[in-house]
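Scroll down for the structure; my scribbles are underneath it.
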Amino acid sequence: MRPAYKLVKDDQVQIVIPPPELSIIEPEDIALDVLYSDPDLAVINKPANMTVYPAPGHPGHTLVNALLQRFPDLACLEVRCGLE
């Protein structure tokens, strides 16, 4: 079907949405200003220009990558694991 085609009555349109690609987030040795940490909480002074989560076009050098290096136990959590 050409992009300029106009739908008419009884046309059927099928949309296939591929499943999201799973990506492995690698720990990276990035300096963090950790103000406080205990087994349940970490307070980080994040630089203003640092991206928080890996995303298309920015897969690394993020706060999550740095946190995985500094706190390896976080590896079992979901990507968007309550960073606020």
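Please treat every number below as a calculation from the coordinates, not as lab data. Quick caveat, the model's predicted, so the values are computed rather than measured. Cβ coordinates were reconstructed from backbone atoms using ideal geometry, including for glycine residues, and neighbour counts include every protein chain displayed.
With R₀ fixed at 35 Å, the C-beta to C-beta distance from Met1 to Glu26 puts the FRET efficiency at about 0.25. Shown here: log10 I(q)/I(0) by the Debye sum over Cα atoms at q = 0.16, 0.27 Å⁻¹, derived from the displayed model; of the candidates (i) -0.61, -1.28; (ii) -0.71, -1.23; (iii) -0.67, -1.52, it corresponds to (iii). In the stretch 15-62, one over the average inverse separation of all distinct C-alpha pairs is 13.5 Å, which is the Kirkwood hydrodynamic radius.
The packing ranking of peptides 32-43, 63-74, 6-17, highest mean first, is 63-74, 32-43, 6-17, where packing means the average number of other beta carbon atoms within 10 angstrom of each residue. Between Leu74 and Ala48, the modelled labels are 2.2 nm apart [label points 7 Å from Cα along Cα→Cβ].
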